[in-house]
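What follows is one structure encoded as structure tokens, with my remarks underneath.
Any read-out appearing in this document is the output of simple, stated calculations on the displayed coordinates, not a laboratory observation. Being a predicted model, the structure only gives us computed values, none of them experimental. For neighbour counting, all protein chains shown are included, and Cβ atoms are generated from backbone atoms with ideal geometry for every residue, glycine included.
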Amino acid sequence: MVGSQVVDRKVDSVCPFCGVGCLVTYNVRDEKIVSVDGRDGPANHGRLCVKGRFGFDYVHHDQRLTRPLVRKPGVPKDPAQTPDPANWREVFREATWDEALELAAGGLKRLRDTHGNKALAGFGSAKGSNEEAYLFQKLVRTGFGSNNVDHCTRLCHASSVAALLEGVGSGAVSNQVNDVGQAELILVIGSNPTGNHPVAATWMKNAAKRGTKIVLADPRVTDLGRHAWRVMQFKPDTDVAVLNALIHTIIEEGLADEAFVRERASNFEALRDNVRGYSPEAMAPICGVPAPLLREVAREFAKAKAAMILWGMGVSQHVHGTDNARCLIALASVSGQIGKPGSGLHPLRGQNNVQGASDAGLIPMMLPNYQRVDDARVRAWFEDFWGTPLDDKPGYTVVEIMDKVLAEEADPHKIRGMYVMGENPAMSDPDLHHAREALASLQHLVVQDIFMTETAWLADVVLPASAWPEKTGTVSNTDRMVQLGRRALDPPGDAKPDLWIIQQIAQRMDLDWRYEGEESGVAAVYEEMRQAMHAVIAGISWERLERESSVTYPCLSEDDPGQPIVFTDSFPTPDGRVKLVPADIIPAAERPDAEFPFVLITGRQLEHWHTGSMTRRAAVLDAIEPMATASMNGEDLRALGLAPGDVVTVRSRRGEVALHVRRDDGTPGGAVFIPFAYYEAAANLMTNPALDPFGKIPEFKYCAVQVLPGGKP
Ligand code: SF4
């Protein structure tokens, strides 16, 4: 029984809405999910947020794609046209699976055979399973013939991962979120966990109640500020100034952990020399945080028995995102706050499986388990394992791929065809006019999704896929837990499991793949992936996941319980030490000026998930937040003669949107915050595609805009 409702069955799975990875039970009646309960999973212990509790009716939405679709002859791809998911018949016709697959794979194959292996690219998805990510990147590498494969990790933590791989030799977290219960101090920077990782935020709030000091460092004072011991509201774009000031204080005041630095770190002298010029007194006018507060936080961080750093996109989505993360690694290391309970580094992962998809090799420079494609020894192993030669050059990243689509005809690396599985770059990329123009200009675009997304609207062939509750597979959460999701429902109409579709495309591109077993051979795919990633998940068999639902890696044998804390004795770097990398202040690529005087900050909000294709079709979530809003400080509203609810036009050099303003005094003066989930007011029309040179992540957190009263929302 659920309340007064009798259910037909209960199915255990994982929430698909964020990287926290809460375990859930679906309550199914008459082939519908009528409610969801939190399970006693290691990340949630029965807790769920509003998305996990009320967000699942998107699965039953009448706009689900149920038949393969093919663009009608002569219907142009118009990048400026707003998709109308209810009227797709004007653009597409229905097709059989055989016809659609032949057209989809045939078009890709023709481009590959005519223009060579650089002519194609693929975007996989962090919303799908590990098995789907693994198989998708294998298809691109062995079927398309290049490393032009990427996914939305490029838009979220690519810079963090670049810094972590360089500094500590591993791109994943050192400690799990729950470990905040062991900390004396928690530094949360560039993250809005109550909105974006709500259940994880409950562990932080619980810790604060027990006396743990939370330091919230962010240009926006978000809800966690109510629970913070200190709030450091710094000016947007000044992360390096803040963090170097903390490191400066710790070294200058003799608070560094000398034994840790001596025995476990390298390059300390270069770091020390670099931060000499970053005293809190010198940095305060730059970052806006008073020098005494910077010193106080630095002292408490260094002196704490255990201090943990958690960060989000506010750190990573800058042209200096890698430098920001380098500073966090240095801060933890000089203080010896890493490799023990309650202390360490935790980049909070956004998408439910962005950790797992990256682990599985859905990135252009790495094969599974972050093994570089340009390492001949690694490549030889995979060539033997997969039975085919592999490209030795890293592929292009998300934003670079769009640029290569619009490259000159003569460019030998011009991309002409794409296969997009479960991503929506027509909403999630920066500078959307550019991205949509690129998608529309492709000679052949295949999109596999559950709704007629803004990207699918520009496709030649649309393949109807399965929602998360309609398939079985594993995902890996922000805590390095591999967790099993189980199928509760059949897909609607002729929609098919993604794993089946990938295999059908592969077979039509001359790949002789055979994955036998139930659910499109998901267990067989997992076992192959486990071999490819034996260094970290050798001990996590499919049978074990069926028994335990969730196992933390690294896990090297069946009786290994997994390692919730890593780097306890050494780092997986060539010399076993953490490498300290100095960073200097690099300004944002586009600063405000007299013509565009405000800073645009984009991000997520509690009720909506990324580009909104799922949550905006969840009745409760969309009822709570039905429209895009621009959050601004009350003083800025007054100065512009605006009241909450008024309409404004926000305009950058690349695009504009009209929407209602909302008063939020946590938003700093001179800035406007807009969530990117709303196609009617797509924030990414305005964002700057400038990239961090290491992580190749766009600067979503900073560009110059005008805010003008009036407009048509
Ligand atoms: Fe789902 Fe994340 Fe909410 Fe947990 S915190 S219920 S995983 S959206």
**Report entry** Equivalent ellipsoid semi-axes - Cα gyration tensor, segment 481-553, angstrom
**Finding:** 24, 18, 9
Query raised in the report: When the scattering of segment 314-430 is computed by the Debye formula from its Cα atoms alone, each counted once and equally, what is log10 I(q)/I(0) at q = 0.17 Å⁻¹?
Result: -1.16
Requested in this report: Can you tell me which of 10-23, 671-684, 351-364 comes out highest on packing, and rank the rest after it, using the mean Cβ neighbours within 10 Å?
Outcome: 351-364, 10-23, 671-684
Report task. Please report T202, T388, T397, T82 as a ranked list, fewest other C-beta atoms within 10 angstrom at the top and most at the bottom. Result -> T82, T388, T202, T397
Query raised in the report: For D62 and L406 in the same chain, what is the full-extension length gain: residue separation times 0.36 nm, less their Cα-Cα distance, in nm?
Result: 120.3 nm
Report summary line: Using alpha carbon positions and the Kirkwood radius, the Rg to Rh ratio of segment 502-613 is 1.16
Query raised in the report: Given the convex hull of the Cα atoms of segment 564-704, what is a quarter of its surface area in nm²?
Result: 12.3 nm²
**Report entry** Counting all C-alpha pairs of the chain, share separated by more than 52 Å (%)
**Finding:** 6 percent
**Report entry** Compactness of segment 240-375 - radius of gyration and Dmax, Cα, Å
**Finding:** 16.5, 48
Query raised in the report: Using every alpha carbon pair in segment 423-573, what percent of pairs falls into each 5 Å bin from 0 up to the bin containing the largest distance?
Result: 2, 8, 13, 15, 14, 14, 13, 11, 6, 2, 0
**Report entry** Which of K404, K118 has the fewest Cβ neighbours within 10 Å, and the rest in rising order
**Finding:** K404, K118
Report task. At q = 0.19, 0.22, 0.26 Å⁻¹, what is the base-10 log of I(q)/I(0) for segment 116-156 according to the Debye formula with one equal point scatterer per Cα and no solvent? Please give it to two decimals. Result -> -0.51, -0.66, -0.85
Query raised in the report: Given that compact globular proteins tend to follow 2.2 N^0.38 Å, what is the ratio of the alpha-carbon Rg of segment 254-331 to that value?
Result: 1.18
Requested in this report: Give, in whole angstrom and from largest to smallest, the semi-axes √(5λ) of the equivalent ellipsoid of segment 370-446, with λ running over the eigenvalues of the Cα gyration tensor.
Outcome: 28, 14, 12
Report summary line: Cβ-Cβ cut-off under 14 Å around F234, Lys and Arg +1, Asp and Glu -1: the net charge is +1
Query - Positive minus negative residues near V399 (Lys, Arg vs Asp, Glu; Cβ under 14 Å) - result: -4
Query raised in the report: Label points 7 Å out from Cα along the Cβ direction at L708 and V647: separation in nm?
Result: 1.4 nm
Query raised in the report: Which distance in nm do the two modelled labels at T568 and R514 give, with both placed 7 Å along the Cα-to-Cβ direction?
Result: 4.4 nm
Requested in this report: For a quick protection proxy, order the peptides 228-241, 584-597 by their average other-Cβ count within 10 Å, most packed first.
Outcome: 228-241, 584-597
Requested in this report: About the Cα centre of the chain, how large is the charge dipole given +1 on each Lys and Arg Cβ and -1 on each Asp and Glu Cβ? Please answer in debye to the nearest 20.
Outcome: 1040 debye
Query raised in the report: Just the C-alpha atoms of segment 57-183: what Rg/Rh do they give, with Rh taken as the Kirkwood radius?
Result: 1.08
Report task. Sum up the charges of everything whose Cβ sits under 13 Å from the Cβ of R326, counting Lys and Arg as +1 and Asp and Glu as -1, but leave R326 out. Result -> -4
Report task. For segment 121-253, evaluate the Debye formula with one uniform point scatterer on each Cα (no solvent term) and list log10 I(q)/I(0) at q = 0.09, 0.13, 0.15, 0.20 Å⁻¹, rounded to two decimals. Result -> -0.39, -0.74, -0.91, -1.27
**Report entry** Pairs from K209/K701; K414/K496; K414/K701; K51/K235; K51/K471 whose Cα-Cα separation, in the structure shown, is over 21 Å
**Finding:** K209/K701; K414/K496; K414/K701; K51/K235
Requested in this report: Would you work out which of C327, L556, L65 lies farthest towards the positive end of the dipole of the chain, given +1 charges on the beta-carbon of Lys and Arg and -1 on that of Asp and Glu, about the Cα centre?
Outcome: C327
Report task. Starting from the Cα-Cα distance between D384 and E595, subtract it from 0.36 nm times their residue separation and give me the gain in nm to one decimal. Result -> 70.2 nm
Requested in this report: Mark the label point 7 Å from the Cα of K393 along Cα→Cβ and return the residues of segment 103-124 whose backbone N is within less than 13 Å of it.
Outcome: 116-120
Report summary line: FRET efficiency for L640 and H433 from the Cβ-Cβ distance with R0 = 30 Å, rounded to 0.05, comes out at 0.70
Query raised in the report: How far, in nm, would the chain grow between D30 and Q81 when pulled straight, counting 0.36 nm per residue and subtracting the alpha carbon separation?
Result: 14.6 nm
Query - Near-label residues of segment 383-419 by backbone N, under 13 Å of a point 7 Å along Cα→Cβ of R110 - result: 417
Requested in this report: Using all C-alpha to C-alpha distances in segment 295-383, build P(r) with 10 Å bins and read off the rounded percent in each one.
Outcome: 15, 31, 32, 17, 4, 0
